[in-house]
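In what follows, a single structure is set out as structure tokens and then discussed.
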Amino acid sequence: MAYILNLETATKNCSVSVAKDGITVSLKEFAGEGYAHAEKLHIFIEEALGEAGISLNDLSAIAVSKGPGSYTGLRIGVSAAKGLCYALNMPMVAIDTTEVLAHAVKIDSGIIMPMIDARRMEAYTAVFSADYKLLEPVKAEIIEENIYDALEGPIHLLGDGAAKCKPILVGEKYVYHDAVVYPSAKEMSALSFNKYKISDTVDVAYFEPFYLKNFIAGK
């Protein structure tokens, strides 16, 4: 039996789950316009553990969404995961944020394109098959009219970056999942357990978030 604490802070959604053998047993999350991750994350961790009826010492591992996404959000989540792993002497699992988001939708055919807003007309995205196999790796893409002409549909787009695609990527092959969907620790549960089972963990001391793009500070 393995309990894993999952932390997802790469977007506006501050999300925490506790999973038992890959099944979510408690979930706490909040998505707001203002990033409140620093204030909410540790509260959510405490509440999720309480709802699951366990303590930190009952955990087998801690998993974190590694990016791409918000620089600040990623730093908060990874810092929390690292601190807990150090204190508890536990392994750390890292999961690609686009993979987490892709699992928020179920389709019978076609491909899944999770879209994470990267500001302006850019999005972090990857291409997954209907059974979640990675077909094209994660990239920061400027959304242009003919960019996906080579891909066969249906193409399922979801995430907070999908809305900016709507006026540009038009046609029957594009299927939009209109409700704004953020990566969630709920979808991390099975993914982190699968990695834990095969000891697919990261070095706590040297692990860094996957920012994908260099940070540019505004005035």
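Every number here is computed from the coordinates shown, using simple stated rules; none is lab data. Bear in mind that the values here come from a model prediction, so they are computed numbers and not experimental data. Glycine gets a Cβ as well: all are built from the backbone with ideal geometry, and neighbour counts include every protein chain shown.
Listed values, structure above:
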{"quantity": "Antiparallel %, DSSP beta bridges [both residues in the chain], to 5", "calculated": "60 percent"}
{"quantity": "Per-selection Rg to Rh, the chain - Cα, Kirkwood hydrodynamic radius", "calculated": "0.98"}
{"quantity": "Packing rank of 28-35, 3-10, 85-92, where each peptide gets the mean count of other beta carbons within 10 Å, highest leading", "calculated": "3-10, 85-92, 28-35"}
{"quantity": "Volume per residue that the Cα convex hull of the stretch 105-176 spans, once the total is divided by residue count, Å³", "calculated": "77 Å³"}
{"quantity": "Rounded to 5, the percent of DSSP beta bridges in the stretch 105-176 classed as antiparallel", "calculated": "60 percent"}
{"quantity": "J(HN,Hα) series, the stretch 138-148, from Karplus relation 6.51 cos²θ - 1.76 cosθ + 1.60, nearest Hz, glycine and proline x", "calculated": "5, 8, 8, 10, 7, 6, 10, 4, 9, 5, 10"}
{"quantity": "Chain lengthening between E172 and V25 when straightened (0.36 nm per residue, less Cα-Cα)", "calculated": "49.1 nm"}
{"quantity": "Too-long pairs where the Cα-Cα distance tops 22 Å, listed order kept, from K20/K195; K82/K186; K186/K213", "calculated": "K186/K213"}
